[in-house]
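S.K.: Before anything else, here's the structure in question.
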Amino acid sequence: MTQISPPAATRLIKKYPNRRLYDTQTSAYITLSDVKQLVLDNQAFQVVDAKSGEDLTRSILLQIILEEESGGVPMFSSVALSQIIRFYGHAMQGVMGTFLEKNIQAFMDIQDRMAEQSKGLYGNQVAPEAWAQFMNVQTPVLQNMMNSYIDQSKNLFVQMQDQMQDQTRSMFSAFPFNPNAPKDSKK
């Protein structure tokens with residue numbers, strides 16, 4: 001049970017036993033859809049259990065993702081979700097979370113840069129519909145860029161892993177328990 005006090009600028013939302021969400025800033029009950037809008041508006045918020053003070057923010061965000069995945073066009077394939085699940089309890093679980101977070105941020109940075117470049121070319125006159133059409137045309141280009149980035153990241157990780165293995169081997173080569181050391185044939 002994590003009880004965390006939100007920073008002053010963070011909007012506090014209390015979740016009551018009747019499953020209702022109460023926004024303490026507006027003094028009104030809100031829905032998951034309202035919480036989703038806070039996320040889209042980049043508003044800092046924290047959801048806490050009204051009784052215990054337990055932080056429920058992640059749980060609410062996961063509910064929003066579940067609703068989004070259930071309706072419309074899902075973002076995650078069954079294969080991707082299965083692969084994510086396999087990392088729970090795995091030694092690389094912490095690394096995977098950071099990896100996903102950093103890659104999503106990199107993708108968002110690319111998206112922001114493309115939007116800024118389009119404003120430089122066309123000004124603020126690009127309507128959302130035109131931007132959507134432009135992105136549909138650019139999707140294969142973006143996918144190729146992302147595939148190239150993933151391949152480069154994978155190759156870099158394999159190189160790093162090989163270097164770590166070589167360093168570990170050389171570091172422990174002087175110790176008698178080294179399984180690669182030549183066996184003494186004296187009996």
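S.K.: Within region 44-92, how many residues are out of contact with any Ser or Thr (no Cβ under 9 Å at 6 or more places or on another chain), within 20 Å of residue 24 (Cα to Cα) and not charged (D, E, K, R)?
M.R.: 7
S.K.: Follow-up. Can you say whether residue 37 is within 19 Å of residue 11 (Cβ to Cβ), of a type in the set (S, T, N, Q) and surrounded by 13 or more Cβ atoms within 10 Å (Cβ to Cβ), as far as the supplied structure shows?
M.R.: Working: within 19 Å of residue 11 (Cβ to Cβ): yes; of a type in the set (S, T, N, Q): yes; surrounded by 13 or more Cβ atoms within 10 Å (Cβ to Cβ): no.
Answer is no for this residue.
S.K.: Got a number for residues in region 38-61 being outside any loop (DSSP other than H, G, I, E, B) and at pLDDT 95 or above? Outline the logic, then answer.
M.R.: Start the filter on region 38-61 by keeping residues that are outside any loop (DSSP other than H, G, I, E, B), which leaves 38-40, 45-49, 54-55, 57-61.
Add one more test, that the residue is at pLDDT 95 or above, and what stays is 38-39, 45-49, 54-55, 57-61.
So the count comes out to 14.
S.K.: Within region 19-28, which residues are farther than 18 Å from residue 9 by Cα and surrounded by 12 or more Cβ atoms within 10 Å (Cβ to Cβ)?
M.R.: Of everything in region 19-28, those that are farther than 18 Å from residue 9 by Cα and surrounded by 12 or more Cβ atoms within 10 Å (Cβ to Cβ) turn out to be 20, 21.
S.K.: Regarding residue 141, is this residue open to solvent by less than 100 Å² (accessible area, probe 1.4 Å), assigned to a helix (DSSP H, G or I), of a type in the set (A, V, I, L, M) and at pLDDT 80 or above?
M.R.: So residue 141 does not fit the description; no.
Rundown of residues vs (1) of a type in the set (Lys, Arg); (2) modelled with pLDDT under 85; (3) assigned to a helix (DSSP H, G or I), yes/no style:
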position: 68; (1), (2), (3): no, no, yes
position: 88; (1), (2), (3): no, no, no
position: 98; (1), (2), (3): no, no, yes
position: 101; (1), (2), (3): no, no, yes
position: 105; (1), (2), (3): no, no, yes
position: 114; (1), (2), (3): no, yes, yes
position: 130; (1), (2), (3): no, yes, yes
position: 133; (1), (2), (3): no, yes, yes
position: 137; (1), (2), (3): no, yes, yes
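The values are calculated or read from the model by the stated rules, or taken from the named source; none is laboratory data. Because the structure is a prediction, the values reported are computed rather than measured. For neighbour counting, all protein chains shown are included, and Cβ atoms are generated from backbone atoms with ideal geometry for every residue, glycine included. Ligands, DNA and RNA are stripped out before the accessible areas are found, and what is left, the full protein with its side chains, is counted by its heavy atoms. Shrake-Rupley method; radii C 1.70, N 1.55, O 1.52, S 1.80 Å.
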